[in-house]
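Note sheet for the following structure.
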Amino acid sequence: MNETIRNISGTIWDKDIPAIVAGFKAEGISEFTISDDPCGLLRTLAVFEANGVRVQGLTSVKSPAGEIPAILIRVA
């Protein structure tokens, strides 16, 4: 996995997603991961997709506990 990809491991509020996507675009970030596993994750992913990003599939990221699963997302 590319270590320069940003990972979101905390709570993501639906209302913050447009600003998150805009910030990633402004910084030239083309991919990021989500490693948090909250209730309502499908809804969160749907809101991300409505804001111009696409879920690519599963990957893993490093954490203090070792490698953990994450969702890879591409900024369109």
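What follows draws every value from the coordinates through simple rules; no lab data is involved. Nothing here was measured: the structure is a model prediction, and the numbers come from that model. Cβ sites come from the backbone with ideal geometry, for glycine too, and all protein chains shown count toward neighbours.
Laid out as a table, the results:
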read-out	value
Filter result (part of a loop (DSSP other than H, G, I, E, B) and in contact (Cβ under 8 Å) with a residue 24 or more places away in the chain) within segment 6-33	Ser9, Gly10, Thr11, Ile12, Ile29, Ser30
Residues of segment 4-57 that turn out to be of a type in the set (Asp, Glu), surrounded by 12 or more Cβ atoms within 10 Å (Cβ to Cβ) and either over 12 Å from the mean Cα position of the chain (by Cα) or under 18 Å from Ala76 (Cβ atoms) (or both), as a count	4
Number of positions in segment 35-55 that are in contact with a strand residue (DSSP E or B) (Cβ under 9 Å, 6 or more places away or on another chain) and in a helix (DSSP H, G or I)	5
